[in-house]
């Protein structure tokens, strides 16, 4: 439940802030009459995202044996890659999102076609929704070896709580004097999501170890099931959140550490302003 909560909270808060900024921009230019069109775009994007998540989960039922393993492993690698891109993009673009979104709203409102507002809202939210759908399905696959019904309930509970929390936070930020240190919030969640993505990479490697696509080199570098069994409550939590494996292969460990090293280097490197980059190229 915790991984799905964290993922939904992060993506949900971004979506809530985007909606709030867009509504605020409409209010500034006194075009609140376009708000229903904006909300229609938001709800259509949410509906399509849910459909995408269900389709990904149902597609797995069509695969058995090696095909199922390949599908799950590929989904985990894809989710880790997109999650990494999202973290790095948010780090570099967060300062300009509000200005660019407000400019887009102003241009769309000035257009003779109301569909411009719909598509602006739809595209802004569908990116968050599709990303979240992929992450949640990948997190669900990580816990697939556990009781399926219990895993489904916990995943849905995490998504529901994450959405509720993100809506409350977004509302409090935009409608009251309450202020959350967004930079700190996104930094902390980014570090946690890097570890979560590393776990997805390790699980993907493990899936491909099972079918021989990636050699394990050493099947079990260690076995600490006697100390912390991965089927225990603590073990399942660590497995879902950080990719814990009580008896990992050597390539799992290499994949995990290599990903963490590269991701942390990219995330902590100095940000070069867009204006500076243009000046350097000139």
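Mind checking the alpha-carbon convex hull of the range 189-237 and giving the volume per residue in Å³?
On the way: hull volume 4.9 nm³, N = 49.
Per residue, the Cα convex hull of the range 189-237 comes to 100 Å³.
Quick one: angle between helix 66-110 and the longest Cα principal axis of the chain, in degrees between 0 and 90, rounded to 10, please.
Its long axis makes an angle of about 20 degrees.
Using Cα springs under 10 Å in a Gaussian network model of the chain, which residue among 74, 138, 234 shows the largest mean-square fluctuation?
In the Gaussian network model the winner is 234.
Do the sum for the chain: with -39,500 (n - 2.57) for every DSSP H run of n ≥ 4, divided by all residues, what is the mean residue ellipticity at 222 nm, to the nearest 500 deg cm²/dmol?
-27500 deg cm²/dmol
Kindly rank 99-111, 235-247, 156-168, 3-15 from highest to lowest mean number of other beta carbons found within 10 Å of each residue. Walk me through the numbers on the way to the answer.
Values: 99-111: 15.6, 235-247: 19.2, 156-168: 17.2, 3-15: 23.9.
Highest to lowest by the protection proxy: 3-15, 235-247, 156-168, 99-111.
Would you kindly calculate the translational diffusion coefficient of the range 1-96, applying Stokes-Einstein with the Kirkwood radius from alpha carbon pairs, for 20 °C and a viscosity of 1.002 mPa s, and quote it in µm² s⁻¹ without decimals? Walk me through the numbers on the way to the answer.
On the way: Rh = 16.3 Å.
My calculation gives 132 µm²/s for D.
If one takes the longest principal axis of the Cα atoms in the chain, at what angle in degrees, from 0 to 90 and to the nearest 10, does the Cα axis of helix 2-28 lie?
Tilt of helix 2-28: around 10 degrees.
Could you tell me how many degrees, from 0 to 90 and to the nearest 10, lie between the Cα long axis of helix 35-59 and the main elongation axis, the longest principal axis, of the Cα atoms of the chain?
The angle comes out at about 10 degrees.
Which order results if 77, 196 are arranged by neighbouring Cβ count within 10 Å, fewest first?
77, 196
Along Cα→Cβ, 7 Å out, is where each label goes; now give me the distance between the ones at residue 168 and residue 63 in nm to one decimal.
The two pseudo-label positions are separated by 3.8 nm.
What base-10 log of the normalised intensity I(q)/I(0) is obtained for the range 2-281 from the Debye formula, alpha carbons as equal point scatterers, at q = 0.07, 0.08, 0.09 Å⁻¹?
-0.30, -0.39, -0.49
With a 10 Å Cβ neighbour count serving as the proxy for reagent exposure, in which order, fewest first, do 75, 251, 32 appear?
32, 251, 75
Each value in this text was obtained by applying a stated rule to the coordinates, not by laboratory testing. All of these numbers come straight from a predicted model, not from anything done at the bench. Reconstructed Cβ throughout: ideal geometry from the backbone, glycine too, with neighbour counts over all protein chains shown.
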